[in-house]
1. Among the numbered criteria (1) touching a residue at least 12 places away in the same chain (Cβ under 8 Å); (2) of a type outside the set (Asp, Glu); (3) open to solvent by less than 30 Å² (accessible area, probe 1.4 Å), which single criterion is violated by residue A:263?
2. Residue A:32 is checked against (1) β-branched (Val, Ile, Thr); (2) at pLDDT below 95; (3) buried (at least 19 other Cβ atoms within 10 Å of the Cβ) and fails just one. What number does that condition carry?
3. Which of the strands (runs of 3 or more DSSP E) found entirely inside region B:1-77 contain at least 2 residues meeting this: open to solvent by 60 Å² or more (accessible area, probe 1.4 Å)?
4. What about residue B:1, is it closer than 28 Å to residue B:149 by Cβ, at pLDDT below 95 and more than 9 Å from every other protein chain (Cβ to nearest Cβ)?
5. Please determine whether any residue of region A:52-61 is out of contact with any Phe, Trp or Tyr (no Cβ under 6 Å at 6 or more places or on another chain), open to solvent by 20 Å² or more (accessible area, probe 1.4 Å) and within 14 Å of chain B (Cβ to nearest Cβ).
6. Only one of (1) assigned to a helix (DSSP H, G or I); (2) open to solvent by 40 Å² or more (accessible area, probe 1.4 Å); (3) of a type outside the set (Lys, Arg) is not met by residue A:226, so which one is it?
7. For region A:120-143, what are the residues that are in contact (Cβ under 8 Å) with a residue 60 or more places away in the chain and either surrounded by 15 or more Cβ atoms within 10 Å (Cβ to Cβ) or charged (D, E, K, R) (or both)?
Amino acid sequence: MIEELITSGRNLPDIDPRLQVWGWEIPFYLYIGGLVAGILFFSALFTLRNREKDYPTAVKWLPMAAPVLLVLGLGALFLDLSHKLYFWQLYTHLRWESPMSWGAWTLLAITPLSILWAFSWLQDIFLTWQWPYQWLNIFFQWIRKNRNSLAWALIILALILGMYTGILLSAFNARPFWNSAILGPLFLTSGLSTGVAATLLFSRSHKERKLFASIDLILIGIEIFLIIHLFMGFLAGTRVHILAARLFLGGPYTAVFWVFIMGFGLIIPGILEILELRHKPIPGYIPAFLVLLGGYLLRVIIVDAGQASRWLY
Amino acid sequence: MRYAMAIDTKKCVGCSDCVVACQTENNVPIGYCRDWIVETTTGTYPELSMELRSERCNHCSDAPCVRCCPTEASHVEEGGIVLVDHNDCIGCKACIASCPYDARFIHPEGYADKCTFCIHRVKKGEDPACVAVCPTHCLIFGDTDDPNSTISRILKKRKWKQLIPEAGTDPNIYYLL
């Protein structure tokens, strides 16, 4: 038996008895980042394939929400900083070793591009839309002509954004539950899936709903596959990684993870989407809502569990 | 040059003088500390053994806090001392999350803070405050690149351990056994 006690009265806020440096802001931002990545990825993808008439919700409508969501996410990130007035230091340095640094630069690129992307669809949605200044009209005519280049940029940036939200966590050596490269693809897949779910929530076109339900089904399958591999990796790892996995396999996160994330967030919406595709009368917003909620809970739980897992003591 | 510290667990009595000296020397705000004492009890009664350790930032040679810092606020100074530049720190807490020793905290003024090996004293040729006050002389500070330094000689002579070297950080605090 080993018992370790800090006898000198150390009781650092947010660190003792367990790490709690990140509250709601970080999981909220990671969720928004993934959701926006999903929305922009599919909007740009189907623009490149010239399918904007077939899939109007995904291509034209949802991108309107992307900049608003991004600003909300950035707001949450800003709230999390404890030395707020120095935030601009992010943009006086570029550090390849720090995922947070290239995440910050990705956001600097994708936020204005998402605004341009959203505005470029205004004239397609409201046919009589005119910008108040002539130069704006000329500028957005030019953007619309070069929409495919913008779409390619958005696809690449959206993939980086979705991936980095997971890699950000895996870069922290000290938290065994985050020490898995699977978190990158898992968060990317989950982000794409929430983007698809947002389309399913608002789409009124049968054709669009059918395609996006099929895509979501594939993404849900990949997510379940990645989650199983995440735990396989931990269980084949060192003692601290096995202990980290046990937080979910009998430990305090077991019920919330397997019931609410795996069950209500992935398996049940998956089954409902299969039934919907087979023309059973399932209200489409239910699986979409469950996927959106499951994606949020996934981030809340992973951010929290990572902070609960440790090397020392 | 590679600054390091050796801590003799056979001599340490856990008096916390190092903790108080650090707080005084570095004006550490009340309720916070850059070093602390850990008491470890191993075994089952009546065969128990106890170890006392004065712990602090390990000034790792492969420091994850420096790697994950997005602004280069966490950086490596001369002699391998890991420092935080307060005016570069945005308070993102990535370094706190990446430190396996939980050696960092957010200073009430907002930036990340931790042990500096009292670099301001070391530059003047003095020992860090914790080393200077230790009544049992169980803390030894010095340059492990210099084979004739006290710390190099004692590390050759005595058995020692590092804390969780398996975390891959290559720490520079040695506990003499």
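The values are calculated or read from the model by the stated rules, or taken from the named source; none is laboratory data. Quick caveat, the model's predicted, so the values are computed rather than measured. Because the Cβ atoms are built from the backbone with ideal geometry, glycine has one as well, and the counts that use them run over all protein chains shown. With ligands, DNA and RNA removed, areas are computed over all heavy atoms of the protein, side chains included. Shrake-Rupley method; radii C 1.70, N 1.55, O 1.52, S 1.80 Å.
1. The number of the failed condition is (1).
2. For residue A:32, the exception is condition (2).
3. On the way: elements: B:3-8, B:35-44, B:47-56, B:74-76.
Per the criteria, B:47-56.
4. Details: closer than 28 Å to residue B:149 by Cβ: yes; at pLDDT below 95: yes; more than 9 Å from every other protein chain (Cβ to nearest Cβ): yes.
The answer is yes for residue B:1.
5. First pass over region A:52-61, keeping only residues out of contact with any Phe, Trp or Tyr (no Cβ under 6 Å at 6 or more places or on another chain): A:52-54, A:56, A:61.
Add one more test, that the residue is open to solvent by 20 Å² or more (accessible area, probe 1.4 Å), and what stays is A:52-54, A:56, A:61.
Among the residues that remain, those that are also within 14 Å of chain B (Cβ to nearest Cβ) are: none.
For region A:52-61, residues out of contact with any Phe, Trp or Tyr (no Cβ under 6 Å at 6 or more places or on another chain), open to solvent by 20 Å² or more (accessible area, probe 1.4 Å) and within 14 Å of chain B (Cβ to nearest Cβ): absent.
6. Condition (2) is where residue A:226 drops out.
7. Initial filter on region A:120-143 (in contact (Cβ under 8 Å) with a residue 60 or more places away in the chain): A:121, A:124-125.
Scanning region A:120-143 gives A:121, A:124.
Per-residue answers, yes or no, for (1) in a loop (DSSP other than H, G, I, E, B); (2) farther than 29 Å from residue A:124 by Cβ; (3) more than 14 Å from every other protein chain (Cβ to nearest Cβ):
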site: A:9; (1), (2), (3): yes, yes, no
site: A:15; (1), (2), (3): yes, yes, no
site: A:30; (1), (2), (3): no, yes, no
site: A:71; (1), (2), (3): no, no, yes
